[in-house]
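Worksheet: one structure, shown below.
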Amino acid sequence: MDVRELDAEAERREAVPILRQLWPDADPKEIIDWTGEEEYHLFGRFDGDDIVGVAGVQLGNHLHHARIAWLYDLVVDEPRRGGGHGTALLEHVEAWVTQQDCEYVALANPLGGGAVHEYYENRDYEKWGYVIEKEL
């Protein structure tokens, strides 16, 4: 099993069914478009030739952190969950963003995401505030 970056559109297209498990309302073309943006990096976890999970990351500089990686998407194919694939992806992302000189990995998750919050807290992620937004 390995984790690698999905650069080519054909590779990203292969990840669409798994990403739609996280974003069921997203159109496949939309997913191909956002995963192809220059600042976005999509990683896939493979079991042989089969993709079993993906993680999407964007690097940036923010006022409260000099250099940070935002984890936008982390999802494992539903029948493969619980097999350590998400942890393998997260560990790969953490190692990769460290090589990119990031000080933190951050993510936003909806309130009431108890199991998801617990997953990250068990991996030493700390809740320190809220993301507050307004649709315009």
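The values are calculated or read from the model by the stated rules, or taken from the named source; none is laboratory data. The model shown is predicted, which means the values in this text are computed figures rather than measured ones. Virtual Cβ from ideal backbone geometry, glycine too; neighbours counted across all protein chains shown.
Could you tell me which numbered condition Pro79 fails, if it satisfies all but one of (1) part of a strand (DSSP E or B); (2) out of contact with any strand residue (DSSP E or B) (no Cβ under 8 Å at 6 or more places or on another chain)?
If we test Pro79 against (1) part of a strand (DSSP E or B); (2) out of contact with any strand residue (DSSP E or B) (no Cβ under 8 Å at 6 or more places or on another chain), just (1) comes out false.
Give just the number: which of (1) out of contact with any Gly (no Cβ under 7 Å at 6 or more places or on another chain); (2) at pLDDT 95 or above does Arg45 not satisfy?
(1)
How about region 1-47: which of its residues are closer than 16 Å to Gly84 by Cβ and either surrounded by fewer than 19 Cβ atoms within 10 Å (Cβ to Cβ) or of a type in the set (S, T, N, Q) (or both)?
Result: Met1, Asp2, Phe46, Asp47.
Report, by residue number, each residue of region 82-96 that is part of a loop (DSSP other than H, G, I, E, B) and surrounded by 13 or more Cβ atoms within 10 Å (Cβ to Cβ).
Within region 82-96, Gly83, Gly84 qualify.
Which members of region 33-59 meet the condition of being more than 27 Å from Asp101 (Cβ to Cβ), among the acidic types (Asp, Glu) and assigned to a loop (DSSP other than H, G, I, E, B)?
Asp49
Hey, any hits in region 62-79 for a residue that's exposed (fewer than 12 other Cβ atoms within 10 Å of the Cβ) and modelled with pLDDT of 90 or more?
Within region 62-79 (the criterion being exposed (fewer than 12 other Cβ atoms within 10 Å of the Cβ) and modelled with pLDDT of 90 or more), the answer is yes, since at least one residue qualifies.
Which count do you get for residues in region 1-32 that are of a type in the set (Gly, Ala, Ser), under 13 Å from the mean Cα position of the chain (by Cα) and not in a helix (DSSP H, G or I)? Write out each step before concluding.
In the first step, residues of region 1-32 are kept if they are of a type in the set (Gly, Ala, Ser); the result is 8, 10, 15, 26.
Remaining after also requiring under 13 Å from the mean Cα position of the chain (by Cα): 15.
When the remaining residues are screened for being not in a helix (DSSP H, G or I), the result is none.
Residues flagged as of a type in the set (Gly, Ala, Ser), under 13 Å from the mean Cα position of the chain (by Cα) and not in a helix (DSSP H, G or I) within region 1-32 amount to 0.
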